[in-house]
Amino acid sequence: LQNQGFTQAYYDSDGTIVGKADSAIKSLDDLKGKTIGVIAGSTGEAYMKENAAKLGVAETKSYNAQQDLLLDVQNGRIDGGAGELAGFLFAIKQMPALKILVRIPTGERFAMMTKKGHPLLEKVNDAISEMKKDGTMAAIHKKWFGVDPEAGTSTVTPGPIPQ
């Protein structure tokens with residue numbers, strides 16, 4: 001990444017556990033004895049491989065597609081799914097019987113990447129700042145994820161170009 005430049009972050013992502021809206025799962029401790037789905041090759045799968053035993057997860061079930069995982073959650077064949085916040089938020093917009101049960105902080109932040117020293121980097125960063133200030137970024141977040149961005153996140157807080 002030595003040859004890359006980045007804009008300010010515009011989205012904070014985390015890992016999540018998704019499940020039925022009426023699920024009793026409220027924290028990672030509640031995963032004990034549960035069956036949790038993951039998408040093969042995903043960060044959710046990596047998280048469960050690393051943490052399932054210490055969390056007491058009864059079974060981790062792998063899926064090739066998020067849609068299949070979410071259908072099994074919705075139909076009660078598994079207790080929940082582990083994966084990325086953005087993908088699950090977008091899916092929940094179409095599947096309102098589901099919700100984010102647990103948010104797992106990862107510190108991941110999305111930004112735009114350019115060649116280091118690109119002449120448009122500062123202008124792009126300024127445009128992102130303006131979109132945050134005028135509410136455009138929050139409106140985009142709401143449109144695609146069905147919820148307002150949380151206060152203080154990079155979606156609504158302007159920032160400088162990272163050094």
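Scanning the stretch 41-57 for residues that are in contact (Cβ under 8 Å) with a residue 24 or more places away in the chain and part of a helix (DSSP H, G or I) turns up T43, G44, E45, Y47, M48, L55. Where strands (runs of 3 or more DSSP E) fall wholly inside the stretch 1-40, the ranges with 2 or more residues that are crowded, with 16+ Cβ neighbours inside 10 Å and aliphatic (A, V, I, L, M) are 11-20, 35-39.
As a summary of the residue check, L89 satisfies the conditions (1) closer than 30 Å to A24 by Cβ; (2) exposed (fewer than 15 other Cβ atoms within 10 Å of the Cβ); (3) in contact with a Phe, Trp or Tyr (Cβ under 6 Å, 6 or more places away or on another chain) except for the one numbered (2). Residues that are more than 19 Å from the chain's Cα centre (by Cα) number at least 3 in the following helices (runs of 4 or more DSSP H) confined to the stretch 58-139: 121-133.
The rows are residues; the columns are (1) of a type outside the set (S, T, Y); (2) loosely packed, with under 13 Cβ neighbours inside 10 Å; (3) in contact (Cβ under 8 Å) with a residue 60 or more places away in the chain.
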| residue | (1), (2), (3) |
| --- | --- |
| P96 | yes, yes, yes |
| E108 | yes, no, yes |
| K115 | yes, yes, yes |
| E130 | yes, yes, no |
| A139 | yes, no, no |
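Within the set A9, A21, the sole residue that is more than 27 Å from F110 (Cα to Cα), in contact (Cβ under 8 Å) with a residue 60 or more places away in the chain and either touching a helix residue (DSSP H, G or I) at 6+ places or on another chain (Cβ under 8 Å) or not hydroxyl-bearing (S, T, Y) (or both) turns out to be A21.
With respect to K116, determine if the residue is over 19 Å from G41 (Cβ atoms) and at pLDDT 95 or above. Answer is no for this residue.
The values are calculated or read from the model by the stated rules, or taken from the named source; none is laboratory data. Computed from a predicted structure; not experimentally measured. Don't worry about glycine lacking a Cβ; one is built from the backbone with ideal geometry, like all the others, and counts go over all protein chains shown.
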